[in-house]
Structure formats: C-alpha cells, structure tokens
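A.B. asks: Here's a structure for you.
The values are calculated or read from the model by the stated rules, or taken from the named source; none is laboratory data. Remember, predicted model here, so these are calculated numbers, not experimental data. Cβ sites come from the backbone with ideal geometry, for glycine too, and all protein chains shown count toward neighbours.
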Amino acid sequence: MKDEVYKTYRFLVLGDFDNPRLKAFYTVLRLIECFFMTTQIGHPDEYWQAIEPAYNMVYGNVDLPWEWHDNYRLRSIIYPAYLSMPLYLLKLTGLDTATAVRACPQMGHAVLVIIADRFLWAIGKETFGLNAAKLAFIFWQSSGWFNHLFTRCLTNSVETVL
C-alpha cells in the first residue's frame, strides 16, 4: 500500500520532514527567505511593530510610532525584546555593522519560522497521519503569499507560530 501511494503521489517525498536532508534543506530555505525576501519593504508595520522598537531598545534615538508612546502603549514589548537580544550582542562585541544590524532581526525571526515548520510537521503527523502531514507541509512551503508575509517581522507572523 505504501509503495502504491508513493508511485501515484511522488511529490509527497518532498514533504517528508523526517528526512534529515529535507529538514536541512527546508531550514536553509527558510533562512534564505527570511533574509532575502525582506530586503524590500512589504508593509510598514514590519518596521513599526518590531524592528524599530528593538533597535530603539539597543541604540536609542528612534522616533517610535504613536502605538509605542506612553499615552497609548498598544503593543507588547515581548517580540521586540526578543529581536533586540541579538542586536545587543552585536553591540557588545563591536560587530554591529550596517549589514549585521539589518540582518539580525530577520535571522531572529527565522528561528521562530523554523520552529513553526517543525511544529506543523509534528502536530500534523500526530493528528492526521504521515501522508496528510506531508501534503500540509508541501502546501505550507509552497504558498507564495503566505511565505511572503510569514517570513517578515510582523507580530501576526509571531501569532501564527504560537
């Protein structure tokens, strides 16, 4: 039965997250997506929700949007604080070049995206079975619009991980 399924649906091999090679491939793919797909602004909230507040925590002198002012305080500080930790390490070590500072929040966010990939696989496999998990993982990885938004430092992306 298993061989018949693979003969008919060969593309399911691409969704096998238990395969160490594919796991490494998808991990590297997510790192590349998070770094290169975020070089152009997709949505202003990408910067206002997380990157600017994280930068302000480490370096200061940032005119934050109104959501962050003391009169309103509409946003949680947890996600920007998470993104500011690697920035702070760069600052302490003196490695805070422009490229490193720009890439740092995206790489921090990539860790969360990779965790989401792993949990989608584990929960899907446990709940619906191996073939359904493979198919869901292929859809998850191949959705262009979802990947465009999910790999950006938006708080909605973090909510998806949770």
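A.B. asks: Just checking, how many residues over segment 141-162 are assigned to a helix (DSSP H, G or I) and either under 13 Å from the mean Cα position of the chain (by Cα) or touching a residue at least 60 places away in the same chain (Cβ under 8 Å) (or both)?
C.D. replies: So the answer is 13.
A.B. asks: Among the helices (runs of 4 or more DSSP H) contained in segment 1-111, which hold 1 or more residues that are at pLDDT below 90, of a type in the set (A, V, I, L, M) and surrounded by 14 or more Cβ atoms within 10 Å (Cβ to Cβ)?
C.D. replies: Answer list for segment 1-111: 20-36.
A.B. asks: Looking at this structure, is residue 90 more than 15 Å from residue 34 (Cβ to Cβ) and touching a Cys at 6+ places or on another chain (Cβ under 8 Å)?
C.D. replies: Taking the combined requirement at face value, the residue satisfies it.
A.B. asks: Exactly one condition in (1) in contact (Cβ under 8 Å) with a residue 60 or more places away in the chain; (2) outside any helix (DSSP H, G or I) is not met by residue 118; state its number.
C.D. replies: (2)
A.B. asks: If you don't mind, another one. Does residue 133 satisfy the criteria of being within 23 Å of residue 23 (Cβ to Cβ), surrounded by 18 or more Cβ atoms within 10 Å (Cβ to Cβ) and out of contact with any Phe, Trp or Tyr (no Cβ under 7 Å at 6 or more places or on another chain)?
C.D. replies: Values: within 23 Å of residue 23 (Cβ to Cβ): yes; surrounded by 18 or more Cβ atoms within 10 Å (Cβ to Cβ): yes; out of contact with any Phe, Trp or Tyr (no Cβ under 7 Å at 6 or more places or on another chain): no.
So residue 133 fails the test.
A.B. asks: Hey, among 73, 102, which residue is over 20 Å from the mean Cα position of the chain (by Cα) and free of Cβ contacts under 8 Å to residues at least 24 places away in the same chain?
C.D. replies: Only one candidate passes the filter, namely 73.
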